[in-house]
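Visitor: Below is one structure. I have some questions about it.
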Amino acid sequence: TPEKKIYTVEGTCEGRILFEEKGAGGFGYDPLFYFPDLNKTFAELTLSEKNKVSHRGKALRKATQILGDLFNRA
């Protein structure tokens, strides 16, 4: 910010790592990351589902809120 204030956001997502891949979507560890709340791996989720529950999606929503608040106050 102009006042030199720094904001940091974080998102978390609890799950389990599988021993065998399941699903064809996503990238990296998505076929191995099982998300119990939806009973699927990240590779089995649609992009919309994944964005709602992933650590990146959660962090992005927090960052968007902060940026919106900063711009609305200006």
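The values are calculated or read from the model by the stated rules, or taken from the named source; none is laboratory data. Predicted model only: the values in this text are computed from it and were never measured. Because the Cβ atoms are built from the backbone with ideal geometry, glycine has one as well, and the counts that use them run over all protein chains shown. Remember, those area values only see protein heavy atoms, side chains included, never the ligands or the DNA or RNA. Shrake-Rupley method; radii C 1.70, N 1.55, O 1.52, S 1.80 Å.
Visitor: From (1) at pLDDT 95 or above; (2) out of contact with any helix residue (DSSP H, G or I) (no Cβ under 9 Å at 6 or more places or on another chain); (3) more than 15 Å from Cys13 (Cα to Cα), pick out the condition that doesn't hold for Asp69.
Guide: (1)
Visitor: Another question, then. When both residues are 6+ apart or on different chains and their Cβ atoms are under 8 Å apart, which pairs have a first residue that lies in region 45-65 and is free of Cβ contacts under 8 Å to residues at least 60 places away in the same chain, and a second that is part of a helix (DSSP H, G or I) and of a type in the set (Phe, Trp, Tyr)?
Guide: Lys50/Phe42; Ser54/Phe42
Visitor: Looking at (1) at positive phi; (2) open to solvent by 70 Å² or more (accessible area, probe 1.4 Å), which one does Lys62 not meet, given that it meets all the others?
Guide: (1)
Visitor: Taking the options Arg56, Arg16, Arg61, name whichever one is of a type in the set (Lys, Arg) and more than 14 Å from the chain's Cα centre (by Cα). Outline the logic, then answer.
Guide: Working: Arg56 fails: more than 14 Å from the chain's Cα centre (by Cα); Arg61 fails: more than 14 Å from the chain's Cα centre (by Cα).
Selected residue: Arg16, the only one of Arg56, Arg16, Arg61 that is of a type in the set (Lys, Arg) and more than 14 Å from the chain's Cα centre (by Cα).
Visitor: Related question: Return the residues of region 7-55 that are outside any loop (DSSP other than H, G, I, E, B) and surrounded by fewer than 17 Cβ atoms within 10 Å (Cβ to Cβ); say none if nothing qualifies.
Guide: So the first thing to find is which residues in region 7-55 are outside any loop (DSSP other than H, G, I, E, B), and the list is 16-17, 33-35, 40-44, 47-53, 55.
Within region 7-55, Arg16, Ile17, Leu47, Ser48, Glu49, Asn51, Lys52, His55 qualify.
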